[in-house]
1. So THR140 ticks every box in (1) open to solvent by less than 70 Å² (accessible area, probe 1.4 Å); (2) modelled with pLDDT under 95; (3) among the β-branched types (Val, Ile, Thr) but one. Which box is left unticked?
2. Let me confirm something: among ILE22, ILE7, which residue is open to solvent by less than 50 Å² (accessible area, probe 1.4 Å) and assigned to a strand (DSSP E or B)?
3. So ASP60 passes all but one of these: (1) closer than 18 Å to VAL120 by Cβ; (2) of a type in the set (Asp, Glu); (3) in contact with a Gly (Cβ under 6 Å, 6 or more places away or on another chain). Which condition number does it fail?
4. Going by what's in this entry, would GLU27 be described as over 19 Å from VAL120 (Cα atoms), open to solvent by 20 Å² or more (accessible area, probe 1.4 Å) and within 13 Å of the ligand (Cβ to nearest atom)?
5. Restricting attention to the stretch 38-83, which residues are out of contact with any helix residue (DSSP H, G or I) (no Cβ under 8 Å at 6 or more places or on another chain) and either away from the ligand (no atom under 15 Å from the Cβ) or open to solvent by less than 40 Å² (accessible area, probe 1.4 Å) (or both)?
6. Taking the stretch 92-122, which residues are within 18 Å of MET65 (Cβ to Cβ) and crowded, with 18+ Cβ neighbours inside 10 Å?
7. Would you please list the contacts, defined by Cβ atoms under 8 Å and residues six or more apart or on different chains, that run from a residue in the stretch 42-60 that is part of a loop (DSSP other than H, G, I, E, B) to a residue that is aliphatic (A, V, I, L, M) and within 12 Å of the ligand (Cβ to nearest atom)?
8. Among (1) within 13 Å of the chain's Cα centre (by Cα); (2) away from the ligand (no atom under 14 Å from the Cβ); (3) without any contact (Cβ under 8 Å) to a residue 24 or more places away in the chain, there is one condition GLY89 misses while meeting the rest; what is its number?
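The values are calculated or read from the model by the stated rules, or taken from the named source; none is laboratory data. Everything quoted here is computed from the prediction, not taken from an experiment. Here the Cβ is made from the backbone with ideal geometry for all residues, glycine too, and neighbour counts use every protein chain on show. Quick note on the areas: whole protein, heavy atoms, side chains included, nothing else; ligands and nucleic acids left out. Shrake-Rupley method; radii C 1.70, N 1.55, O 1.52, S 1.80 Å.
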Amino acid sequence: MERTLAILKPDCLRKNLIGAVIKQIEESGFKIISMKLVRLTKAEAEGFYEVHRGRPFFEDLTVFMSSGACVPIVLEKENAVADFRKLIGATDPAEADEGTVRKLYADSKGENIVHGSDSVENGKIEIAYFFPGSELARMTA
Ligand code: CMP
């Protein structure tokens, strides 16, 4: 079964939307394999978004992602990566389809409520960034 990494970003927590977004995720058929509440340091946020280093939005993105707690979640479903990206909508909420998480709740491209892995391969790397293999194995044993 395919897995993806979701992160409920600091704006999601500031707006008290953890429950609403998780409800939408569960109602869309995803199983939560593991989740935690963490506060990233600036360096940890930079490590997670390393592929974007050098992009014009990198500094703002990593300042924002370390500005408050966030909730990384390992999700499982058939076609999890693509289906989760469909559920959250386009990066820019102005371009996101009606009913998607970002259309419903996000303010901007930079503060867009939720992250979703963009490929199965990156999903594995991103999941490992937050959840050691041994910890995940115990969740499904
Ligand atoms: P996310 O799915 O977390 O992956 C990278 C993030 O960078 C993305 O969501 C946006 O929040 C942010 N991002 C991407 N493009 C831009 C942009 N042009 N301006 C500001 N932030 C961006």
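1. For THR140, the failing item is (1).
2. The match here is ILE7.
3. That leaves (1) as the condition not met.
4. Considered against the rule, which asks whether it is over 19 Å from VAL120 (Cα atoms), open to solvent by 20 Å² or more (accessible area, probe 1.4 Å) and within 13 Å of the ligand (Cβ to nearest atom), GLU27 comes out as no.
5. Across the stretch 38-83, the qualifying residues are ARG39, THR41, ALA43, GLU76, GLU78, ASN79, ASP83.
6. Within the stretch 92-122, the first condition is being within 18 Å of MET65 (Cβ to Cβ), and the residues that meet it are 92-93, 101-102, 105-118, 122.
Correct list: PRO93, VAL101, ARG102, TYR105, ALA106, GLU111, ASN112, ILE113, VAL114, HIS115, GLY116, SER117.
7. TYR49/LEU61; TYR49/MET65
8. (2)
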